[in-house]
Amino acid sequence: MSAATAPRSSHPHLRLARHPVRVCFMIDRLSRAGTETQLVALIRELDRTEVEPSLVLLDGEDDLSRALEPADCPVLRLGVRKLLSWPTVTAAQRLRRFWHDYPPDILQVYFLDSAYFAAPLAKWCGIPKVIRVQNNLGYWLTPRHRVLNRLLRPFVDVIVTNSQEGKRSLLATDRLSPERVVVLENGVDIGRFRRFMLPDTSKKLVRVGCVANLRAVKNIDGLMHAAQQALAQHPQLVFEVAGDGEQREALESLHARLGLGERFLLHGLVADVPGFLRRLDIAVLPSHSEGMSNALLEYMAAGRAVIATDVGANRQLLDDGRCGLLVPPGHPAAIAAAITELLTDPVRAAALGAAARRRVQELYSREAMCRRFQQFYRALIDDELTIN
């Protein structure tokens, strides 16, 4: 355990007059994936006069997770890799002691294992409010997980998701009442994308790119098929993908079968995402499913000309197509056609990039995200929450 502040000696749940809301965040481990990145950014940028954070990691012992820990809040690593094991009992005891030393008003929990472990324990320990974050659309949930989710409901006060589409999915698939689901949208660090030039699709070499984990839902295989079709008409294109994952080997085999050669590059993990996006003229989000895509927010902050599948919150982010081109999911030909559209009209491509950047600055900055969460926490503790 590391701590940036001294433990409180007061009764765990004594309410003081307008003290900062004490929020304990819990997640399996930290990584550079979207949900984890958003959580770390939220903890680092919360106004400490409004919210006093702590962080619990169900596992968190690996080097990457340790390196990503925020420096200015208490952190507890439990080292639990399998819930149904004896170390889980010891971990529960350690977590109870941590909550005694750093008593939260709110527990905010991410992912399945952390939710199953911590939400019932939080209620048993008397933590006033438990928030569960569910940002994906549940396309991968098994029947077993759905049963466990229903068993978990009595221990959760509010579910937070990052898009209206996510809320609609939760209401439909989990049969939740609307007053228990709140939409709090993601934000992006706009400062990392300052002074980016607007895209120019009239160049002799035009770069088309994507930032994604190499998983089936991200549809990088579909992007490869789209690239094959687009390259037949536009040999000046180069496609680049930043990201790694379980599909790497299968995608490399498909790459060879399609004969894409040096015109389609799989870079693996890229630490400097803004630098990667700076080189692109067109950014593509080909996913089969999304909640509110962090990659799309970064494309927009970078002012790229965007092509995105019409899933999740993509239509909302792109303002019904005013800030980028929307295509149906699962149709490589539609992606190829959209690329042609942007290549043949460079002025429109630049205008879409500029509109996307303005929209992110106005609505989806990290500062705006933190304000939304801070107001939500205060309203939840003061029992003044209005569901959106």
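Read the figures in this text as sums done on the coordinates, not as results from a lab. This is a predicted model, so every value here is computed, not measured. Reconstructed Cβ throughout: ideal geometry from the backbone, glycine too, with neighbour counts over all protein chains shown.
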Exercise for the section: Rank VAL56, VAL360, VAL273 by mean-square fluctuation in a GNM of the chain with C-alpha springs under 10 angstrom and give only the top-ranked residue. Expected result: VAL273
Practice task
Using a/c under 1.5 as the rounded threshold, could you call the range 190-363 rounded, prolate or oblate? The axes a ≥ b ≥ c are square roots of the C-alpha gyration tensor eigenvalues, and prolate needs a/b larger than b/c, oblate otherwise.
Solution key: rounded
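Do any trypsin sites (Lys or Arg not before Pro) in the range 63-95 lie in a DSSP loop with no more than 10 other beta carbon atoms within 10 Å, and if so, which?
Of the trypsin sites (Lys or Arg not before Pro), the ones in loops of the range 63-95 whose Cβ has at most 10 other Cβ atoms within 10 Å are LYS82.
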Problem - Nearest-ten-degree value, helix 248-258 long axis tilted from longest Cα axis of the chain - result: 10 degrees
Completion exercise
For the range 190-363, the dipole about the Cα centre with charges only on Cβ (Lys and Arg +1, Asp and Glu -1), to the nearest 20 debye, works out at 560 debye
Practice task
Quick one: go through the range 171-188 and flag any residue whose amide nitrogen is under 20 Å from the point 7 Å out along the Cα-to-Cβ line of LEU363.
Solution key: 182-188
Practice task
In a Gaussian network model over the chain where Cα atoms closer than 10 Å are linked, find which of MET300, MET292, MET224 has the largest mean-square fluctuation.
Solution key: MET224
Fill in the blank from the handout: Quick note, the range 238-301: a/c under 1.5 would make it rounded; otherwise a/b > b/c is prolate and the rest oblate (a ≥ b ≥ c, C-alpha gyration tensor); here it is prolate
Exercise for the section: Indicate, rounded to the nearest 5 percent, the antiparallel portion of the DSSP beta bridges found entirely in the range 190-363. Expected result: 5 percent
Handout entry: Longest site-free stretch - the chain; sites: GluC sites (Glu not before Pro), DSSP loop, at most 15 other Cβ within 10 Å
Key = 62-245
Completion exercise
Karplus-derived 3J(HN,Hα) from phi for the range 30-37 (6.51 cos²θ - 1.76 cosθ + 1.60, θ = phi - 60°), whole Hz, x at Gly and Pro, runs 9, 8, 8, 6, x, 4, 5, 5
Problem - Nearby lysines by direct alpha-carbon distance to LYS218 (threshold 26 angstrom, same-chain neighbours under 8 apart not counted) - result: LYS167
Handout entry: Residue with peak Gaussian network fluctuation, the chain [Cα springs, cutoff 10 Å], from LEU171, LEU343, LEU42
Key = LEU171
Problem - Loop-located trypsin sites (Lys or Arg not before Pro) in the range 159-267 whose Cβ has at most 10 other Cβ within 10 Å (DSSP) - result: ARG175, ARG194, ARG195, LYS204
Completion exercise
Between the Cα axis of helix 346-363 and the main Cα principal axis of the chain, the angle (0 to 90°, nearest 10) is 10 degrees
Practice task
Using Cα centres only, tell me the gap between the range 259-299 and the range 159-202 in whole Å.
Solution key: 18 Å
Exercise for the section: Averaging sequence separations of C-alpha pairs under 8 Å and six or more residues apart, then dividing by the length of the chain, give the relative contact order as a whole percent. Expected result: 16 percent
Fill in the blank from the handout: Taking placed amide H atoms and a strict 5 Å upper bound, the residues 5 or more places from VAL188 or on another chain that come that close are SER365, ARG366
Exercise for the section: Give me the distance in nm between label points sitting 7 Å out from Cα along the Cα-to-Cβ direction at VAL347 and TRP86, one decimal. Expected result: 7.5 nm
Problem - Distance in nm between pseudo-label sites at SER31 and ARG248 (7 Å out along the Cβ direction from Cα) - result: 1.2 nm
Completion exercise
With a Förster distance of 35 angstrom and the Cβ-Cβ distance between HIS19 and ASP310, calculated FRET efficiency to the nearest 0.05 equals 0.20
Exercise for the section: Note the angle between two axes, namely the Cα long axis of helix 112-124 and the longest principal axis of the Cα atoms of the chain, as a number of degrees from 0 to 90, rounded to the nearest 10. Expected result: 20 degrees
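Got the relative contact order for the range 190-363 handy, in percent, Cα pairs under 8 Å and 6 or more residues apart?
Values: 332 pairs, mean separation 49.9, N = 174.
It comes to 29 percent, rounded to a whole number.
Using only the Cα atoms of the range 12-97, build the gyration tensor, take square roots of its eigenvalues as a ≥ b ≥ c, and label the shape rounded, prolate or oblate: rounded if a/c is under 1.5, else prolate if a/b is larger than b/c, else oblate.
Verdict is oblate for the range 12-97.
Given a Förster distance of 35 angstrom, what is the FRET efficiency for ALA67 paired with ALA232, based on the Cβ-Cβ distance and rounded to 0.05? The partial results should precede the final answer.
Numbers: r = 44 Å, r/R0 = 1.26.
That gives a FRET efficiency of 0.20.
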Fill in the blank from the handout: For VAL51, other-chain or 5+-apart residues with amide H closer than 5 Å (H placed, Pro excluded) are VAL21
Practice task
Please list, or write none, the aspartates and glutamates whose alpha carbon is within less than 13 Å of the alpha carbon of LYS204, excluding same-chain residues fewer than 8 places away.
Solution key: ASP281
Exercise for the section: Hey, can you grab everything whose amide H is under 5 Å from the amide H of MET26? Only 5+ residues off in sequence or another chain; H modelled, so Pro and N-termini drop out. Expected result: VAL56, GLN108, VAL109, TYR110
